[in-house]
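One structure is given here, and the rest of the page talks about it.
The values are calculated or read from the model by the stated rules, or taken from the named source; none is laboratory data. Keep in mind the model is a prediction, meaning the values are calculated, not measured. Counting neighbours? That spans all protein chains shown, and the Cβs are built from the backbone with ideal geometry, glycine included. Accessible surface areas use protein heavy atoms only, side chains included; no ligands, DNA or RNA. Shrake-Rupley method; radii C 1.70, N 1.55, O 1.52, S 1.80 Å.
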Amino acid sequence: MAEPPLRPRRRFRQPSVIPGFGLTFGYALTVLSLIVLLPLAALVLRASKLGFSGIWEVATDPRVASALKVSFGVSLLAALTASVFGFIVAWVLTRYTFPGRKIVDAVVDLPFALPTAVAGIALAALYAPNGLVGEQLAKLGIEAAYTPLGIFIAMVFIGLPFAVRTVQPLIVEIDKEIEEASATLGAGRLHTLVHVVLPPLIPAVLTGFALAFARGVGEYGSIIFIAGNLPYVSEIAPLLIVIKLSEYDYGGACAIATIMLGISFLTLLAINLIQAWSRRRFGYV
Amino acid sequence: MSSASAVVPPIKSPPIQSDRAASVVTEGRIVRWLLIGVAIVFLALFLVLPLVTVFVQAFAKGWAAYLAAFTEADARSAVRLTLITAAIAVPFNLVFGVAAAWAIAKFEFRGKNLLVTLIDLPFSVSPVVSGLIYVLVFGAQGLLGPWLIAQDVQIIFAIPGIVLATIFVTFPFVARQLIPLMQEQGTAEEEAALTLGASGWHAFRTVTLPNIRWGLLYSVLLCNARAMGEFGAVSVVSGHIRGLTNTLPLHVEILYNEYNFVAAFAVASLLAGLALVTLVVKSLLEWRYADDIAAGARRH
């Protein structure tokens, strides 16, 4: 047999003395396939039956198009707002000391822990015309509940932790010597911030923005109570999926779901590209 | 995801602090307090106020009205179903997470990155879509629908569907916490145990498990909070049959839509309480065992 010995890179797995690879890998792959991959494949299968033209037909239906526009448009604005305030929160929590800082830090994760339906009814009660905040806004002539503004508020709520938690670790890592060097060379504080401190943080801010955006587009529970769900005005795409399903319009539901899934994969791709770019440009993710 | 707060730097020693106003690496005093003010007001308005509202509304008509919400049979069955769901979904994902982390962190194989990405997939799928995909498989018009009807097995609009949807949305929690942690810990300690004659299972139980226990507890805590609070995915597969397929979040929705606000917020306060306990325990774990929970300082 002139067969050369196996070259390492052609091998599926590097040899190891640790046991249990077959068992744990097999189990993990089986469970992953049954719980995640096969059901998602069912969606792809169903959507492929509709074909591109079928999906396009659903997407251009005025009510669906308007719901998609609301979901993506409002989520974009909400993610932008969450990024700006999230950055301020992250900066304050890492760079300054003040009483209660640790508690404030813990509070940031509240939207992760609070069930979305609970957040939803609380926001609706607060921003309703007779609610604590809604009443004040009404005096200013602003309607929040049952309008896109209400959707915006819910999306900011749900997106904020993503914006804070992606930027915060990088602010911790900033090397203060660089800031000192900048100051020694005569730069004012603002100049140092804009030209030295902020640029390396941009990828993290963009990643946080993308995560908040993706979460906002798919969000359901915290939005439906405050949104009022008026077709063409404050109806979001996930709700339309639920409505189509309750009408047994599986095809319509699948078409909207496929569009949303496609967008979230594009967002994920964008995040990966940002991180790859960041690794090249700044040497870290 | 949320391990970031674990890496807040220690408070500086007093001399530096007293000299801060003159320091070149921070902003002026006024700007500092202005930014702190903006951050706190924003968080108070957007995050804390909704939480407080839940309890204020729940007790709006006093204790008796609050407690009345829980004497209802439907409320009790909702509590029971939520507990059952979490009791199946959390251990399931725990076993999966440990198995996946063992395979991924302790071995080198091709396609590892793809596997990690696929495990993370449920986090990027809308909750409603998470429910929808199970309807497409198990629903009456679904792929397996006719066969299931012939076997007289009901999954959608029944408890199995609720459990499956909950497993899906909480799928990555344990695995994504453990993989980087176990990768950082390496394989040297297990190899030593094996060399000394321990069996694989023995090495896992006495070497690996103690190393990952805080990270494990942390991820189970977050997994449980999501499992008990999931709304969108469960809503799609549940069918909203009162007393039968209503979990706590769904019960909140029904009460709210019936304008039974006190009862809705009373039940919601139970879930908000769970969220508060989760946050407190999570923060305590982060403060005490930061290094044992997450790998490194920079993990997203």
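Annotations for the structure displayed:
- Considering region A:119-137, the residues that are open to solvent by 10 Å² or more (accessible area, probe 1.4 Å) and part of a helix (DSSP H, G or I) include one that is nearest to the other protein chains (Cβ to nearest Cβ), namely A:125.
- Members of region A:228-249 found to be in contact (Cβ under 8 Å) with a residue 24 or more places away in the chain and out of contact with any Leu (no Cβ under 7 Å at 6 or more places or on another chain), listed by number: A:228, A:230, A:231, A:232, A:233, A:234, A:235, A:236, A:238, A:239, A:240
- Single unsatisfied condition, residue A:140 versus (1) among the hydrophobic types (A, V, I, L, M, F, W, C); (2) without any contact (Cβ under 8 Å) to a residue 40 or more places away in the chain; (3) within 10 Å of another protein chain (Cβ to nearest Cβ): (3)
- Taking region B:202-300 as the region of interest, the helices (runs of 4 or more DSSP H) fully inside it that hold 2 or more residues being of a type in the set (Phe, Trp, Tyr) are B:209-229, B:261-293.
- Pairs where the first residue, in region B:32-55, is at the interface with chain A (Cβ under 8 Å from one of its Cβ atoms) and the second is in a helix (DSSP H, G or I) and open to solvent by 50 Å² or more (accessible area, probe 1.4 Å), C-beta under 7 Å, 6+ apart: B:42/A:85
- Any hit, region B:15-36, residues being at pLDDT below 90, at negative phi, hydroxyl-bearing (Ser, Thr, Tyr) and open to solvent by less than 60 Å² (accessible area, probe 1.4 Å): yes
- Residue satisfying condition, being closer than 22 Å to residue B:267 by Cβ, among the β-branched types (Val, Ile, Thr) and open to solvent by 40 Å² or more (accessible area, probe 1.4 Å), within set B:79, B:95: B:79
- Residue in region B:100-114 that is of a type in the set (Phe, Trp, Tyr), within 8 Å of chain A (Cβ to nearest Cβ) and crowded, with 17+ Cβ neighbours inside 10 Å present: yes
- Residue that is surrounded by the most Cβ atoms within 10 Å (Cβ to Cβ) [pool: residues in region B:116-147 that are under 15 Å from the mean Cα position of the chain (by Cα) and more than 7 Å from every other protein chain (Cβ to nearest Cβ)]: B:123
- Residue among B:267, B:277, B:236 that alone is open to solvent by 40 Å² or more (accessible area, probe 1.4 Å) and at the interface with chain A (Cβ under 10 Å from one of its Cβ atoms): B:277
- Residue check for residue A:159: crowded, with 22+ Cβ neighbours inside 10 Å, in contact with a Pro (Cβ under 9 Å, 6 or more places away or on another chain) and more than 8 Å from chain B (Cβ to nearest Cβ): yes
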